[in-house]
1. Pick from the stretch 30-45 the residues that are closer than 19 Å to Gly61 by Cβ and in contact (Cβ under 8 Å) with a residue 24 or more places away in the chain: which of them is most open to solvent (accessible area, probe 1.4 Å)?
2. Looking only at the stretch 11-29, how many residues end up being surrounded by fewer than 20 Cβ atoms within 10 Å (Cβ to Cβ) and aliphatic (A, V, I, L, M)?
3. Within the stretch 250-261, work out how many residues are open to solvent by 60 Å² or more (accessible area, probe 1.4 Å) and either within 21 Å of Asp187 (Cα to Cα) or in a helix (DSSP H, G or I) (or both).
4. Please go through the stretch 274-288 and give me each residue that is in contact with a strand residue (DSSP E or B) (Cβ under 6 Å, 6 or more places away or on another chain) and open to solvent by 30 Å² or more (accessible area, probe 1.4 Å), ordered by number.
5. Among the residues of the stretch 46-61, what is the count of those that are of a type in the set (Val, Ile, Thr) and either open to solvent by 10 Å² or more (accessible area, probe 1.4 Å) or on the phi > 0 side of the Ramachandran plot (or both)?
6. For Arg56, which of the numbered conditions (1) within 27 Å of Glu154 (Cα to Cα); (2) free of Cβ contacts under 8 Å to residues at least 24 places away in the same chain fails to hold?
7. Can you tell me which residue among Phe364, Phe287 is at pLDDT 95 or above, of a type in the set (Phe, Trp, Tyr) and farther than 30 Å from Gln215 by Cβ?
8. Among the residues of the stretch 160-193, which ones are open to solvent by 20 Å² or more (accessible area, probe 1.4 Å), of a type in the set (A, V, I, L, M) and either part of a strand (DSSP E or B) or on the phi > 0 side of the Ramachandran plot (or both)?
Amino acid sequence: MPVKNRFAELHDEITAWRRDLHEHPELLFDTHRTSALVAEKLTAFGCDEVVTGIGRTGVVGVIKGNSDTYGKVIGLRADMDALPILEQTGVEYASKTPGAMHACGHDGHTAMLLGAAKYLAETRNFDGTAVVIFQPAEEGGGGGREMCEDGMMERFGIQEVYGMHNWPGRPLGSFAIRPGAFFAATDIFEIEVEGLGGHAAKPHETVDTTVVASQIVVALQTIASRFADPVDQVVVSVTSFETSSKAFNVIPQRVALKGTVRTMSGEMRDLAETRLKKIATGVAESFGAEARVDYVRNYPVMVNHDEQTKFAADVATKISGSCAEAPLVMGGEDFAFMLEERPGAYILVGNGPGAAVHHPEYNFNDEAIPAGCSWWAEIVEQRLPVAS
């Protein structure tokens, strides 16, 4: 089963939607223009129900099949938000919003799911109900969590849910997936080190927070190298080091550290949090300083369900001829919240060569649109086959 002919016909139209979205990126939950455009199109497609304001600015469309013998409901999710990055692609449809761009391809995800929704509303060649989910605030805001907490799964009776992300470097239009843990849990932390500031010429009269904080940064790397089983995945990164003084001749009173912890299991997540707190406070105490730690659990591990992963891979294989085993990804994905509520699977579609996601020169490849649209449409038609 190759790419659907209908998406070849719709390719130019879907590309135009995608490029319009790219020109007008919106961050986190402030996807007001994008959400309105999505709702307008879903209504024009003839969806049986279009609901806005789910998870603040999320949009849900309901498409009923020509029959509903068993009452099955499948959810399809795309993310809508952009990133606070200054675009450097040079394309004619580049961002018109300074300091914001679609550097992760959510414009492509939204456009592809709109294309699938248009096709499904036209054909309705399935037995049951398709629910198309357009989510804000994937990039750190937890929009997936908010849509779930808003009762989306129960309200629309969703029984399974499927998501997709483009992947630069994978062959264009190819697919990759893996069962079980796929994307990492993404936690964040802040450590404030308090010492005794003073003149840089008299360090013996101070408790030097710069030295203390530097020792903490180095010691935190022992979480991975000495506390974690070498076959387990954990990444601890200190990404910000800021002193309370900017002078050349002052030992600062305080230093603030920020960073992230990435893990692939609940056990490793617990270990990393426990060790981080003990290392930070213990190192500081050994120098006569004090460390205060604020540790926030953000996105959980995104775990694909076995049965749905196999089904998603079979659909991808029928479209593109194969479906590779994807690597573990230490990035986060808040589709994890939806997969905690319902069984489902998340797949990667190849974006071809080019800049990586979250890079100012990244651009979604419009040639991936037919493959992505076909996968979403076939998920519905094959999971909800018309009774013979």
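The values are calculated or read from the model by the stated rules, or taken from the named source; none is laboratory data. Since this is a predicted model, take the numbers as computed values, not measurements. Please note: Cβ atoms are built from the backbone with ideal geometry, for glycine as well, and neighbour counts cover all protein chains shown. Only protein heavy atoms, including side chains, enter the accessible area calculation; ligands, DNA and RNA are left aside. Shrake-Rupley method; radii C 1.70, N 1.55, O 1.52, S 1.80 Å.
1. Within the stretch 30-45, the match that is most open to solvent (accessible area, probe 1.4 Å) is His32.
2. Total meeting the criteria: 3.
3. Residues flagged as open to solvent by 60 Å² or more (accessible area, probe 1.4 Å) and either within 21 Å of Asp187 (Cα to Cα) or in a helix (DSSP H, G or I) (or both) within the stretch 250-261 amount to 1.
4. Correct list: Lys277, Thr281, Gly288.
5. Residues flagged as of a type in the set (Val, Ile, Thr) and either open to solvent by 10 Å² or more (accessible area, probe 1.4 Å) or on the phi > 0 side of the Ramachandran plot (or both) within the stretch 46-61 amount to 4.
6. (2)
7. Going through Phe364, Phe287 in turn, just one is at pLDDT 95 or above, of a type in the set (Phe, Trp, Tyr) and farther than 30 Å from Gln215 by Cβ: Phe364.
8. Hits for the stretch 160-193 are Ala181, Ile188.
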